[in-house]
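*Asks:* Take a look at this one; I'll ask things after.
We did not get these values from a lab; they are worked out from the coordinates using the rules stated. All values derive from a computational prediction rather than experimental measurement. Here the Cβ positions follow ideal geometry from the backbone for every residue, glycine too, while neighbour counts run over all protein chains shown.
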Amino acid sequence: MTVLVINSGSSSLKYAVVKPASGEFLADGIVEQIGSAQVPDHDAALRAAFDELAGQGLHLDTLGLVAVGHRVVHGGKAFYCPTLIDSELIGKLEELSPLAPLHNPPAILGIEVARKLLPDLPHVAVFDTAFFHNLPAAAANYAIDRAVAERWDIRRYGFHGTSHEYVSQQAAAFLDRPYESLNQIVLHLGNGASASAIAGGRPVDTSMGMTPMEGLVMGTRSGDIDPGIILFLRRAAGMDVEDIDTMLNRESGVRGLGGENDFRKLRACIESGDENARLAYDVYIHRLRKYVGAYLAVLGRTDVISFTAGVGENDAAVRRDALAGLTALGIEIDEELNALPSREARRISTPESPVTVLVVPTNEELAIAQACAALA
Ligand code: ADP
């Protein structure tokens, strides 16, 4: 039994063929540059993915596929459980597109072409907002005019939920402790980045909000800014909404400050003496430490802090700098353990550290495949 997982973005389509029971990946890959001459649209991208699979001897009709799982970024208020996709659901997802204009429309395109090419399989939408659906009201609400918030469904939804849930469960399994017994902070640091606080298995806060722009400094997104900046840019700088959107989503974050969003390149720039790259890194770390401090306070008692995703799993300096000097708060990193590269879940705190610090590789495709298998 296998599941095809599709993560369809505006310019790339990621795919994986996964055995949900064993966690085995038969194949995974990415088709990039959608919109180019070679890959003009999402239909061509998915066909290219199927060609790549066939090139590896994997033919869709003999793989034992039981479902196709689609990552959908925004489920709005209505959707959180993994949901079987039909035309009605697609219509409702289209209505949600204004909430996630960069993410939901390409996901819908991916769903439509996959349903066309694989019409006999159940297609399942797995929402990135799902895990945070029941955030406590105090964390989910913005302190803005209540009538406006209700009219427009403005609240904090949170994203990367599949990853935060998977990583926190893996952390509990690694420590051989019941999930419900642990208070955890998960730091998902990829190109997008988010933090969550999970009390006894229940998420109680997360750094992304109504959109994936809030919170931590990211590869190309600003994270938290004074909302007055947006008003100022409209009124005084004459930028229109699309310009501001592009700047905050694509031209900000560590790239906006330091010229690079890939931490390997950013590090090389810092080492060659680039002051802007240094500032970008310092702002990134400062924000990360602020969120860790905030979530220690939100949780009261913290058992585990886990780092995950591209930066969190691979960049030992980010982990060290984010948690340096916090012994008074119960956090003590073992520099040697932290510096050891590995693909496995591992502890990087000292045995004496009251808070256990882990690196836990995320696996959103596996989590999506498992959610689909449970439904199919
Ligand atoms: P996303 O899924 O958000 O695109 P990933 O979780 O794959 O992101 O993370 C991608 C980022 O991880 C890259 O932009 C880069 O900054 C960082 N990264 C990947 N490998 C390394 C590494 N070996 N050292 C430092 N950073 C890394």
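*Asks:* Against the conditions (1) farther than 20 Å from Ala138 by Cα; (2) within 13 Å of the ligand (Cβ to nearest atom); (3) touching a Gly at 6+ places or on another chain (Cβ under 7 Å), where does Ser222 fall short? Just the number, please.
*Replies:* (2)
*Asks:* Return yes when Gly273 is in contact (Cβ under 8 Å) with a residue 24 or more places away in the chain, surrounded by fewer than 16 Cβ atoms within 10 Å (Cβ to Cβ) and not aliphatic (A, V, I, L, M) and no when it is not.
*Replies:* Judged against the criteria, Gly273 is not a match.
*Asks:* Restricting to region 251-263, count the residues that are within 13 Å of the ligand (Cβ to nearest atom) and either closer than 18 Å to Met208 by Cβ or touching a residue at least 40 places away in the same chain (Cβ under 8 Å) (or both).
*Replies:* Here the count works out to 5.
*Asks:* Within region 316-325, which residues are more than 9 Å from the ligand (Cβ to nearest atom) and touching a residue at least 12 places away in the same chain (Cβ under 8 Å)?
*Replies:* Listed by number, the residues that qualify are Arg319, Arg320, Asp321, Ala322, Leu323.
*Asks:* A further question on this structure: Of all residues in region 139-158, which are basic (Lys, Arg) and over 24 Å from the mean Cα position of the chain (by Cα)?
*Replies:* Arg146, Arg151
*Asks:* Kindly list, by first and then second residue, each pair from a residue in region 97-110 that is without any contact (Cβ under 8 Å) to a residue 40 or more places away in the chain to a residue that is small (Gly, Ala, Ser) and in a helix (DSSP H, G or I), limited to pairs with Cβ atoms under 8 Å and residues at least 6 apart or on different chains.
*Replies:* Asn104/Ser97; Ile108/Ser97
*Asks:* Could you tell me which residue of region 275-331 is nearest to the chain's Cα centre (by Cα), considering only residues that are among the hydroxyl-bearing types (Ser, Thr, Tyr) and closer than 19 Å to Ser353 by Cα?
*Replies:* Filtering first and then ranking leaves Ser306.
*Asks:* Just for region 49-80: of the residues that are touching a strand residue (DSSP E or B) at 6+ places or on another chain (Cβ under 6 Å) and in a helix (DSSP H, G or I), which one is nearest to Ala140 (Cα to Cα)?
*Replies:* Ala49
*Asks:* Name every residue in region 116-151 that is part of a helix (DSSP H, G or I) and not small (Gly, Ala, Ser), in order of residue number.
*Replies:* Result: Lys116, Leu117, Phe131, Phe132, Arg146, Val148, Glu150, Arg151.
*Asks:* Still on this structure, please answer the following. Pull up region 290-315, narrow it to residues that are assigned to a helix (DSSP H, G or I) and surrounded by fewer than 16 Cβ atoms within 10 Å (Cβ to Cβ), then point me to the one that is nearest to the ligand (Cβ to nearest atom).
*Replies:* Lys290
*Asks:* Looking only at residues in region 228-263 that are among the charged types (D, E, K, R) and assigned to a loop (DSSP other than H, G, I, E, B), which one is surrounded by the fewest Cβ atoms within 10 Å (Cβ to Cβ)?
*Replies:* Selected residue: Asp240.
*Asks:* Scan Leu266, Leu279 and give me the residue that is part of a helix (DSSP H, G or I), touching a residue at least 12 places away in the same chain (Cβ under 8 Å), more than 16 Å from the ligand (Cβ to nearest atom) and not aromatic (Phe, Trp, Tyr).
*Replies:* Checking each option against the conditions leaves just Leu279.
*Asks:* Taking Glu336 as the residue in question, decide whether it is exposed (fewer than 15 other Cβ atoms within 10 Å of the Cβ), farther than 24 Å from Leu182 by Cα and among the charged types (D, E, K, R).
*Replies:* So Glu336 fits the description; yes.
*Asks:* Follow-up question, since we're still on this one. Is it the case that Arg287 is part of a helix (DSSP H, G or I), of a type in the set (Lys, Arg) and without any contact (Cβ under 8 Å) to a residue 24 or more places away in the chain?
*Replies:* no
*Asks:* Got a sec? Which of Thr211, Thr206, Thr220 is in contact with an Asp or Glu (Cβ under 7 Å, 6 or more places away or on another chain), β-branched (Val, Ile, Thr) and buried (at least 16 other Cβ atoms within 10 Å of the Cβ)?
*Replies:* Selected residue: Thr220, the only one of Thr211, Thr206, Thr220 that is in contact with an Asp or Glu (Cβ under 7 Å, 6 or more places away or on another chain), β-branched (Val, Ile, Thr) and buried (at least 16 other Cβ atoms within 10 Å of the Cβ).
*Asks:* On to the next question. Which is part of a strand (DSSP E or B) and within 16 Å of the ligand (Cβ to nearest atom), of Val167, Val204, Val186?
*Replies:* Among Val167, Val204, Val186, only Val186 is part of a strand (DSSP E or B) and within 16 Å of the ligand (Cβ to nearest atom).
*Asks:* Same structure again: Kindly indicate whether any position in region 214-227 is free of Cβ contacts under 8 Å to residues at least 12 places away in the same chain, more than 22 Å from the chain's Cα centre (by Cα) and either closer than 23 Å to Val73 by Cβ or part of a helix (DSSP H, G or I) (or both).
*Replies:* yes
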